[in-house]
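Below is one structure; the comments refer to it alone.
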Amino acid sequence: MTTVDADDADVAGDGGGRGDRGNAPAEARRPRTSLRWWREVCYIVGVYVAYSAVRNQFGSGAGSSVDAEPAFHHAEAIIQVERNLHLYFEDRLQQWYLDLPLDGLIRIWNVYYGVLHFVVAAFALVWLYRKAPERYRLWRNTLAFTTLVALIGFATFSLMPPRLLDDPGIYGGCPVYTGLDRSDLPSEAGQAPCDEFGYVDTVAVYGGWASFGSEEMAAVSNQYAAMPSMHIGWSTWCALVLAPLIRRRWLRALAIAYPLLTLFDIMVTGNHYWIDGLGGLACLAVGYLIARVLTGAWEARRGTVTGARPGVPVPA
């Protein structure tokens with residue numbers, strides 16, 4: 001017997017003139033898998049907890065005495081690279097959008113940034129688990145390795161996001177570029193002399209899911225984990241997972257557009273530079289290659305295809 005994708009199996013089962021197999025229930029034709037939902041939940045939660053714990057050991061999460069200078073100077077370097085490419089536009093993009101009526105309903109984008117990143121990825125994992133188990137293990141491993149590879153960037157290249165460049169607080173860039181003590185600075189960004197870059201922390205100003213600059217979030221989050229952007233890495237992963245599973249064209253188009261909408265979101269909210277998105281794509285590529293090698297080796301050792309129970313071939 002040969003192995004085929006679930007979509008191909010569905011097409012084959014829909015056609016007539018194929019004997020009793022064409023009339024067999026879908027559940028009978030679907031290959032039994034060695035996947036167990038409770039093991040998957042433990043695996044995914046374990047990976048994310050380990051990722052968060054390691055991520056928050058660097059940058060602003062390293063301790064109570066935060067050194068903002070490295071992250072600020074890295075941000076200057078990123079901006080200079082974009083200027084050399086004549087592609088530094090994030091400040092103008094944000095200002096244009098916030099000048100729209102009703103502030104462009106920016107709060108919706110703030111909620112998008114804080115919520116959809118997790119919700120869509122979780123939905124994609126569950127749907128893939130249920131609808132295409134033969135693809136599940138490879139893409140679950142791809143997401144895990146993509147996330148873990150990102151730790152290299154967080155550990156070696158702390159990067160101050162645009163929203164903090166003019167911030168006069170402990171995590172902000174204003175005390176760095178002015179050389180003044182924080183007690184001599186205004187309480188808010190945008191007031192002289194903390195107005196060099198012109199970015200707005202949209203969550204702090206307009207509200208949304210949660211402010212990453214709040215004391216509660218600062219205590220559990222690395223403020224300088226901007227390179228690479230996992231919002232782009234994860235959203236692109238979601239598009240690659242969901243698009244083959246969707247039959248309605250407009251829904252497939254929406255899944256494909258999801259990374260582009262996310263790119264707009266991370267820039268207009270002041271959370272990332274567009275180059276951070278390239279870093280997220282690089283992590284996804286490396287994560288996929290690692291997953292291909294390790295998943296293939298695991299399956300070869302077990303003598304199975306992805307998601308199939310050992311010794312049970314996938315129906316042609």
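Quick notes on this one:
- Under 12 Å, Cβ to Cβ, from residue 263 - net charge with Lys/Arg +1 and Asp/Glu -1: -3
- Cα→Cβ-extended label distance, 7 Å offset, between residue 294 and residue 156, nm: 1.8 nm
- Per-peptide packing, taken as the mean over residues of other Cβ atoms within 10 Å, places 197-208, 252-263 in the sequence 197-208, 252-263 from highest down.
- Three-way shape call for region 102-183 based on the alpha-carbon gyration tensor, with the a/c threshold at 1.5: oblate
- Cα-based Rg / Dmax (Å) for region 136-293: 18.1, 59
- Viscosity 0.692 mPa s, 37 °C: Kirkwood-radius Stokes-Einstein D of region 228-289 over Cα pairs, µm²/s: 278 µm²/s
All of the numbers you see were taken from the coordinates with simple rules; none came from a lab. A quick note: this is a predicted structure, and the numbers were derived from the prediction, not measured. Note that each Cβ is placed from the backbone with ideal geometry, even for glycine, and that neighbours are counted across all protein chains shown.
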